Every structure is written in C-alpha cells, then in structure tokens.
Amino acid sequence: MKYNWQQKDWPQFKYSPDGLNENFVRFIEETALLGGMVSALPEEMQTETLLSIMLAEAIKTSEIEGEFLSRPDVLSSIRNKLGLNVRPDSIKDKRAKGVGELMVAVRNTFSERLTEEMLLSWHAMLMKYNTRINVAAWRSHQEPMQVVSGTLGKEKVHFEAPPSSRVPAEMKKFIVWFNDTAPGGKKEIRNAPVRAAIAHLYFESIHPFEDGNGRMGRAIAEKALFQTAGRPLLLSLSQIIESGKSDYYKGLEQAQRSNEISAWIRYFVDVVVRATLWARNTVEFTLKKSRFFDFFKVHLNERQTKAIRRMMDAEPERFTGGMTAKKYMSITKASKATATRDLQHLVELNILMPSGAGRSVHYGLNM
C-alpha cells in the first residue's frame, strides 16, 4: 500500500463531520469555563497555573520521544524566558533549556504567520544540544526517512516519509496551507481542534527534519489551536498523548496510509477535549494547594512545607511509594530523628496518611 504522500489526492485531506460539532461545542464550553476560572485567580496563582501546564507539555512532549528531562531545569528555562527570574537561572542541560524556550516561543508568537524562518528557529532551540544532525535545516540526506520499531534484524517500518529532495517544496506547500487555514485566511478552518489535527498529521507526514519531528509537530498543533481559538490556551496535548502513546502512534500510522482521515480527526479532537479537562483539574488542584497552605501555614515548619510542596508538585508516578523518612531526609537535609518527628507531626495534623510499619512505613498525602 502507498503512503499518503504517494497518492494522487495528496494533500487533499477528507474527513466526515459526524460528531465533530458536538466535540467542538464541548471544547468551546470547557475553554470558556477554564478561562473564567483562571481569570478569577490571584495573579500569583495564575502564574503558577501557567507554569504547571507549560512544564507538563515540555516534559511530556520529550517523554513521548524517550527523553526524560529534569523538571527543575525545564521549569527554570520556562521561567527565564517568561522573565520571571530576577537573575536567570543557569541551566546545564541543553535539552531542558531548549524545550522550555520552545514552549514560550509557541505561546508568544501564536498569532504570527507561520514561516520557514520560524520553524527553523524553533528547531534550533529544540535541538541545540544535538551535534549529530543538521540543526535548523531541512533534512538533505539520501537515505530513506523511516519510522521504525523492533530490534536489529526484526525491524518493522511503520512509515516512510517523502525523499529529502521533495522536502523544501512540500514544506512550502505546508506553510501556505497553514496560513491559508488560519483566521481570515483563504481556506479558514474555524474548528480549532480539527485544524490542529490536520496540521499535526500533515507536518508529521513530511517529516522535514533529521530529528525532533514529533516535538516540532506537537508545537505546530498547539500553534494552530491557539491561533484559531484567538488566544494561547491553558492545556497540554502531550500530557494526554503520552498517557496513551500506543494509540497515538497507531492513529498516525493508519492516517498516513490514506488521505481520508476521519478516524485521525476523531482521535485528535478527543485528545484536545481531554487536554482541556486535564487543565481544569490542574487549576482546581492549584486552588486546593493554595487553600491547604493558607490553612496549615502556621502549623508547618520550613522543612515540612518544602517536603509537602515537593509531593504536591511531583507527578504520582515520580513519588511511587509515597513519602518515607529517607526521602524526607534527602529533600530537607534533616537528621533521621528530626525527619521522624516532622513526619509524626504531619500525621497528627492529618496531612499525611501512614501505611505499613517499621522500616517499611510510608506516607501518602491527604488532600
């Protein structure tokens, strides 16, 4: 079977509108609700919410590609670019610095027309650490650009992109399409999630760079979403995609074998809607944290506050097993005796819930 770009109707994407209006209405309702919730927050909490969501997108878009970055480094990069640090933090990990800078660039330039220069500058931010590839340049090697899985000798080719010789022309067409489908364009697509879905699939099917195409493609989807919505939205597409990564890759593989993309559109629109719901939960959790510390701040010492914040800010899988005396000592630099006293006090306050006994005791957060 030929790939989508090898077929006569490329890139004339077709899809059924069935069910899309309902999801579009839900998307509009959820983003409006979320916007109202955030605007009612104090400025400090608005900033905290924005940072939480941008951090999630940066971390998860990297994890989809098998890169696990330092959360503090990525957060420092985002804060530096947003001008939130009086003295910019020094960041050793260039991967973390680059993806943080990309997240801010996508939001800051959402309303601008897409250009080749913009895409190349984004790629330079993202891949500045990589000395093995041509950065900020379309791929030009003669070897086939393939998406492959499996062990050596048992590889499975999921997709092969157009040859490098076609990339400059294909990207010119893509950029024209992107700008023509933007608000006020000749072929405007008013359904923001649908436009984002097509933009991502279209870009991934060209696969114009030697590396970083997935992360770049998800950034383009967010730009399309923000642009058509008329403002940067608080959501993380990669947070949802990473949680069901196999569905994402399966959906892409199927969509790249035909230019009838109804199934892909339904999948991606659902991702967008779920991303707005996740963002609402994030805002609600930020409110819970604020109320929690307002209530307990007079009862907690500096060590306890630091440890509880670390538990709240960590993703559940990063705090597997809950808090332990050993973890508490590592976070707060407290002695074992002090850690034991602090943890017992948190249990008495009903902030931590103990499980197990003896050396295996661990503590879960009771929100």
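The numbers here are math on the coordinates, done by the rules we state, and not lab data. These numbers were taken from a predicted model, which means no experiment stands behind them. All Cβ positions, glycine included, derive from the backbone under ideal geometry; neighbour counts span all protein chains shown.
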Item to check | Magnitude of the charge dipole, the range 86-239, Cβ model with Lys/Arg +1 and Asp/Glu -1, debye to 20 | outcome: 280 debye
Next on the checklist: Under 8 Å for C-alpha pairs, at least 6 residues apart: give me the relative contact order for the range 131-215, rounded to a whole percent.
Outcome noted: 31 percent
Checklist entry - Asn130's amide H: which non-local residues (gap 5+, or another chain) put their own amide H closer than 5 Å, with H modeled 1.01 Å from N in plane and none for Pro or chain starts? => result none
Next on the checklist: What is the angle, in °, between the Cα long axis of helix 336-348 and the longest principal axis of the Cα atoms in the chain? Nearest 10 is fine, range 0 to 90.
Outcome noted: 80 degrees
Next on the checklist: At 7 Å along Cα-to-Cβ for each site, give me the label-to-label distance between Arg166 and Ser111 in nm.
Outcome noted: 3.7 nm
Next on the checklist: Which entries of Lys297/Lys336; Lys250/Lys289; Lys289/Lys336 have Cα-Cα distances beyond 30 Å here?
Outcome noted: Lys250/Lys289
Checklist outcome for this item: Length gained, Arg132-Leu152, 0.36 nm per residue minus C-alpha separation, equals 5.1 nm
Next on the checklist: Please list, by residue number, every one of the trypsin sites (Lys or Arg not before Pro) in the range 190-245 that is coil in DSSP and has at most 16 other beta-carbon atoms within 10 Å.
Outcome noted: Arg190
Item to check | Likely footprinting exposure, Lys187, Lys94, fewest C-beta neighbours within 10 Å first | outcome: Lys187, Lys94
Item to check | Extreme residue, positive dipole direction of the chain, given options Val86, Tyr363, Ser262 (C-beta unit charges) | outcome: Tyr363
Checklist outcome for this item: For Arg309 and Lys333, extending 7 Å from Cα along the Cα-Cβ vector and measuring point to point gives, in nm, a value of 1.5 nm
Checklist outcome for this item: Karplus ³J(HN,Hα) for the range 176-193 (6.51 cos²θ - 1.76 cosθ + 1.60, θ = phi - 60°; Hz, whole; x = Gly/Pro) runs 4, 4, 4, 6, 5, 8, 6, x, x, x, 4, 10, 3, 10, 7, 7, 4, x
Checklist entry - So which residue, out of Val74, Val167, Val272, gets the largest mean-square fluctuation from a GNM of the chain using Cα contacts under 10 Å as springs? => result Val167
Checklist entry - When the Karplus curve 6.51 cos²θ - 1.76 cosθ + 1.60 is applied with θ = phi - 60°, which whole-Hz ³J(HN,Hα) does each residue of the range 283-294 get, with x for Gly and Pro? => result 5, 4, 5, 4, 5, 4, 4, 4, 5, 4, 6, 4
Checklist entry - Which FRET efficiency, nearest 0.05, do Glu302 and Lys245 yield, Cβ-Cβ r, R0 35 Å? => result 0.35
Next on the checklist: Can you work out the Karplus-derived ³J(HN,Hα) for every residue in the range 132-143? Use 6.51 cos²θ - 1.76 cosθ + 1.60 with θ = phi - 60°, whole Hz, and x for glycine or proline.
Outcome noted: 8, 10, 7, 8, 6, 8, 5, 5, 9, 5, 7, 5
Item to check | For the chain, size of Cβ-based charge dipole, Lys and Arg +1, Asp and Glu -1, in debye | outcome: 780 debye
Checklist entry - For the range 301-365, what does the alpha-carbon gyration tensor say about shape, rounded, prolate or oblate, given a ≥ b ≥ c as the root eigenvalues, a/c under 1.5 as rounded, and a/b over b/c as prolate? => result rounded
Checklist entry - Taking the simple approach of a point 7 Å from Cα along Cα-to-Cβ for both Arg190 and Tyr3, what is their distance in nm? => result 3.6 nm
Next on the checklist: Quick check: Cα centre of the range 237-265 to Cα centre of the range 76-90, how many Å?
Outcome noted: 34 Å
Checklist outcome for this item: Between Glu260 and residues 5 or more places away or on another chain, the pairs with built amide H atoms under 5 Å apart involve Lys14
Checklist entry - Say the dipole of the range 301-365 comes from +1 at the beta carbon of Lys and Arg and -1 at that of Asp and Glu; which of Met311, Pro354, Ile331 then lies farthest toward its positive end? => result Ile331
Checklist entry - In square nanometres, what is one fourth of the surface area of the convex hull spanned by the alpha carbons of the chain? => result 21.6 nm²
Next on the checklist: Placing +1 on the Cβ of each Lys and Arg and -1 on the Cβ of each Asp and Glu in the chain, which of Phe285, Val271, Val74 has its Cα farthest towards the positive end of the resulting dipole?
Outcome noted: Val74
Next on the checklist: Counting other beta carbons within 10 Å of each residue's own, what order do Phe226, Phe178 fall into, fewest first?
Outcome noted: Phe226, Phe178
Checklist entry - Dipole size in debye (nearest 20) for the range 301-365 around its Cα centre, Lys and Arg Cβ +1, Asp and Glu Cβ -1? => result 300 debye
Item to check | Distance-filtered residues of the range 44-80 - backbone nitrogen under 20 Å, label point 7 angstrom along Lys288 Cα→Cβ | outcome: 45-57
Next on the checklist: Taking the number of other C-beta atoms within 10 Å as the exposure measure, put Met353, Met37, Met125, Met1 in order starting with the fewest.
Outcome noted: Met1, Met353, Met37, Met125
